[in-house]
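Enquirer: One structure coming up, written as structure tokens, with questions to follow.
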Amino acid sequence: MKETAIKVSKVSRRSFAKGSALSLASMWLQPKMNASRLPQADHQPWRFINPLIGASTNAKLGEGKTFPGPATPFGMVQPGPDTITGGDQAPGYSYDHTTIEGFSFLRMSGVGWYGDFGNLLVMPTTGQMKLDSGRVDHPGEGWRSAFSHSREVVEANYYAVTLDDYGIRAEVTAAPRSGMLRFSFPRTETARIQLDLARRIGGTSTRQYVKVVGERAIEGWMRCPAIGGGWGNGEGQVGYTVHFHLEFSEALTEYGVWKIDVPNETFPVAKGLVTDYFTSEAYRELVKHGEVLNGCKEMEANHIGFFAEFPRHNPDKPILVKVGISFVSMEGARENLAREIPAWNFEEVRDKGRALWDDALNSIQIEGASEVDRRIFTTALYHVMIDPRDMSDLSGEYVGADGAVHKSAGYTPRTIFSGWDVFRGAFPLLTLMNATLVNDEINSLITLAETSGKGYLERWEIMNAYSGCMDGDPATSVILDAYTKGIRGFDIEKAYAYCRQTAAGEDGTTNRPQNSFYMKHSYVPDQVSWTLDNYYYDWCVSKLATALGKTEDAKLFGQRSTQYKSIYDPYVDSMRAKAAKGDWIPWKGKTEFGQGCTESNPGQQTWFVPHDVHGLIELMGGKEVFARKLEEFFEKTPESFGWNAYYNHSNEPVHHIPYLFVYAGKPWLTQKWVRRILANAYHDDVNGICGNDDVGQMSAWYILGALGFYPVCPGDGIYALSSPLFPKATLNLDKHYYKGATFTITARNHSSKNCYIKSARLNGEPLHRAWIRHSEIAAGGLLEYVMSSEPNLSWGTSDQDLPPSSSHSA
């Protein structure tokens, strides 16, 4: 494959390195940009983004659950195609589907457990008007249309497709808080655009409002409480209101509202039956009896839509729709649109979004990558930069956990914190690329704990909701990791108070189930995952307490963090759950999922003692025995690394495990297995992510693996080293936090066969250890490798070259 290089974009990193939404907004709101001012093609990393990587909810296609539609870095809005409503279909689109039901303006990326958003579904149609998208298995029942991937174009900040049932070409692009659609109709008596105001990816909005506010404009809102479904089919307790301001490029002459009388008391989602209800015959009967109110200028009800018709439309003149979105107010949506997309220039919006991606992606530059590897790497970086997204208007206003409107001060409020996933690799990566965004998220979590009145840190936040998804106290890890690295743009005393309450609060005032039992007995009954997670997060609290001079807390939580040895059963050679009375729960074997393990099995969870790997090594029989068991674990893993009972790369609990060989004095095995995972678990196609991307964690693992380092224990300032995937990579560090402008990694004799490190030098001095401190990266400099096809069995193997104990790291 032809070797290529990513070069520095002519679009300066002047503002994105600061990481704030204010910077993003100021970049977007620059004077008019045209194609002649954009960087040349060789300097445009956006061209190597492939949004189709992972864009499937079908397990046979990898189940990455990403979306192919447009987005801007960490922006509020992600307009794009929707192929399905309801079920575990978080992005609203899956590559294996054959019909499109419309184009909505908000969505989640890479997650399971149903989805949320998918609001304001826009669909162009012709012919007889229908009042619902219809069921997939009932062709012609609704307005949905067949489509072909052969007529689908998927690029950075641009999506286009032909709706075969109508012969309409649809195009989509995005700004941070707004989006634009362009519809090219065939010659027809009536070109129509329909807006489904009730639709929600994982459910339905329960109340909607729309009003015609000008010759070409409408605005309104959709109320989306938890009883309407959404995240976790309502179990995630997510509630929000989406406000919109929408403008047509053509004057409104024939328009109206349709209404379907879904009774208030029958909202099915409260019973967990959203998909069943909206595909039921009872609902179909309501659709058949729906009312069409021609000329209606204003309506509030519980299941409505709006339509605009353009008779005798000129097929040579596309109809454009532009929409501003706000979670605060219609006024906010109106201002967001007016400032971000004041004109009707579709290409300008598309190209400004691409310029934002060029600026963001140049936080890391790679050289010598094949075109395929370059697309995989660039797209992974792209997926990491979708969340946590800005939830505030350009005015700075946002809705807090108390339901009141607040104005941001000193940080950008953010939402979608997939803590259980992203504390492992995604946020440690962001500390290097975008430290201010990390500050934003920490401030957002602190404010959430305060304004919600709960007083503890949520582990999986979306739209101010304490969704309770997954387990552990990941916010504590993110806070410690940032603080350890000198990222301290938040109130550390307040942050520590919430970390402590999260860990030690009584049941009901903490993330932890049965916390009173845990505090007394140092384990969670019937749980391996919760118990091991608690030990690590207790270590995090202890490290923060030490840094802040809180010696009693440091001792309390530090001692508790060592109790993992109490749930290791030497007779089964594994961590094992204990019942409340202290006896072991029944044993089904290491590879049997469940047994107190979250989305994993005991054989996988046993390796999770990141804060005391050396202690775990000793517990399991010493370095040689530990390494042998670890290698057996990998040798039994299928080549795809997809869902399996051993190294299950599809899910996060195992992501640190390949790097444990470094701690056992066998770093060449880390080099071997990381290279295999990079090659076999990631691809440049729709099945390119072997499991849910989980808000960028799967993608972050690829980036860190390709660079050649990974944080086994976020918060200790140590990265274990593996062999880099490219001959050269340069990290442009955030100058506001790190004095070193860049950190460069080179690999001499690089090739796919030469995956082993023969020798290394750091800033010209020999490096004999297979790990590096964060402070060494932050200082800037050069890490040089010489690669070989044979492992160097003496490099990084001596006791003095092993990573230090976490309690002594820096």
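Enquirer: For a quick check of your reading of the model, give me the residue pairs whose first member lies in region 298-324 and is in a loop (DSSP other than H, G, I, E, B), whose second is hydroxyl-bearing (Ser, Thr, Tyr) and at pLDDT 95 or above, with beta-carbon atoms closer than 6 Å and at least 6 apart or on different chains.
Expert: Every condition considered, the pairs that remain are 318/184.
Enquirer: While we're looking at this one, here's another question. Please give the number of the condition residue 676 fails out of (1) in a loop (DSSP other than H, G, I, E, B); (2) within 17 Å of residue 372 (Cβ to Cβ).
Expert: Result: residue 676 passes all but (1).
Enquirer: Okay, next question. Find the residue count for region 353-389, including only residues that are open to solvent by 10 Å² or more (accessible area, probe 1.4 Å), assigned to a strand (DSSP E or B) and farther than 19 Å from residue 689 by Cα.
Expert: Within region 353-389, residues that are open to solvent by 10 Å² or more (accessible area, probe 1.4 Å), assigned to a strand (DSSP E or B) and farther than 19 Å from residue 689 by Cα number 3.
Enquirer: Return yes when residue 319 is open to solvent by less than 10 Å² (accessible area, probe 1.4 Å), out of contact with any helix residue (DSSP H, G or I) (no Cβ under 7 Å at 6 or more places or on another chain) and within 28 Å of residue 599 (Cβ to Cβ) and no when it is not.
Expert: No: the conditions fail for residue 319.
Enquirer: State all residues of region 440-482 that are within 14 Å of residue 413 (Cα to Cα) and either in contact with a Lys or Arg (Cβ under 7 Å, 6 or more places away or on another chain) or hydroxyl-bearing (Ser, Thr, Tyr) (or both); if no residue qualifies, say none.
Expert: 440, 441, 444, 446, 447, 451 - these are the residues of region 440-482 that are within 14 Å of residue 413 (Cα to Cα) and either in contact with a Lys or Arg (Cβ under 7 Å, 6 or more places away or on another chain) or hydroxyl-bearing (Ser, Thr, Tyr) (or both).
Enquirer: Scan region 670-729 for residues that are acidic (Asp, Glu), open to solvent by 10 Å² or more (accessible area, probe 1.4 Å) and on the phi < 0 side of the Ramachandran plot and report the count.
Expert: Residues that pass the stated criteria total 2.
Enquirer: Got a sec? Which of 170, 146, 175 is open to solvent by 30 Å² or more (accessible area, probe 1.4 Å) and either in contact with a helix residue (DSSP H, G or I) (Cβ under 8 Å, 6 or more places away or on another chain) or of a type in the set (A, V, I, L, M) (or both)?
Expert: On the way: 170 fails: open to solvent by 30 Å² or more (accessible area, probe 1.4 Å); 175 fails: open to solvent by 30 Å² or more (accessible area, probe 1.4 Å).
Sole residue among the options that is open to solvent by 30 Å² or more (accessible area, probe 1.4 Å) and either in contact with a helix residue (DSSP H, G or I) (Cβ under 8 Å, 6 or more places away or on another chain) or of a type in the set (A, V, I, L, M) (or both): 146.
Enquirer: Taking the residues in region 468-479 that are in contact with a strand residue (DSSP E or B) (Cβ under 9 Å, 6 or more places away or on another chain) and surrounded by fewer than 24 Cβ atoms within 10 Å (Cβ to Cβ) as candidates, determine which candidate is nearest to residue 450 (Cα to Cα). Lay out the reasoning, then the answer.
Expert: To start, the set of residues in region 468-479 that are in contact with a strand residue (DSSP E or B) (Cβ under 9 Å, 6 or more places away or on another chain) comprises 468-470, 474-475, 478.
Now restrict to residues that are surrounded by fewer than 24 Cβ atoms within 10 Å (Cβ to Cβ): 468-470.
Details: 468: 17, 469: 20, 470: 22 Å.
Within region 468-479, the match that is nearest to residue 450 (Cα to Cα) is 468.
Enquirer: Which numbered condition trips up residue 752, out of (1) modelled with pLDDT under 95; (2) farther than 13 Å from residue 724 by Cβ?
Expert: That leaves (2) as the condition not met.
Enquirer: Might you check whether a residue that is at pLDDT 95 or above, closer than 14 Å to residue 192 by Cα and open to solvent by less than 20 Å² (accessible area, probe 1.4 Å) occurs anywhere in region 260-268?
Expert: Checking region 260-268: not a single residue is at pLDDT 95 or above, closer than 14 Å to residue 192 by Cα and open to solvent by less than 20 Å² (accessible area, probe 1.4 Å).
Enquirer: Can you tell me which residues in region 538-567 are of a type in the set (Asp, Glu) and touching a Lys or Arg at 6+ places or on another chain (Cβ under 8 Å)?
Expert: 538, 553
Quick grid of which residues meet (1) touching a helix residue (DSSP H, G or I) at 6+ places or on another chain (Cβ under 8 Å); (2) not hydrophobic (A, V, I, L, M, F, W, C):
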site	(1), (2)
670	yes, yes
676	no, yes
686	yes, no
690	yes, no
711	yes, yes
715	yes, yes
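Enquirer: Follow-up question, since we're still on this one. Can you tell me how many residues within region 58-89 are over 21 Å from residue 180 (Cα atoms) and either at pLDDT 95 or above or surrounded by fewer than 21 Cβ atoms within 10 Å (Cβ to Cβ) (or both)?
Expert: Residues flagged as over 21 Å from residue 180 (Cα atoms) and either at pLDDT 95 or above or surrounded by fewer than 21 Cβ atoms within 10 Å (Cβ to Cβ) (or both) within region 58-89 amount to 8.
Enquirer: Go through region 753-768 and give me each residue that's free of Cβ contacts under 8 Å to residues at least 40 places away in the same chain and not acidic (Asp, Glu). Please lay out each step first, then the result.
Expert: First, pick out the residues of region 753-768 that are free of Cβ contacts under 8 Å to residues at least 40 places away in the same chain: 753-754, 758-768.
Answer for region 753-768, where residues must be free of Cβ contacts under 8 Å to residues at least 40 places away in the same chain and not acidic (Asp, Glu): 753, 754, 758, 759, 760, 761, 762, 763, 764, 766, 767, 768.
The values are calculated or read from the model by the stated rules, or taken from the named source; none is laboratory data. Quick caveat, the model's predicted, so the values are computed rather than measured. In this analysis, Cβ positions are derived from the backbone assuming ideal geometry, glycine residues included, and neighbour counts consider all displayed protein chains. For accessibility, only protein heavy atoms count, side chains too; no ligands or nucleic acids. Shrake-Rupley method; radii C 1.70, N 1.55, O 1.52, S 1.80 Å.
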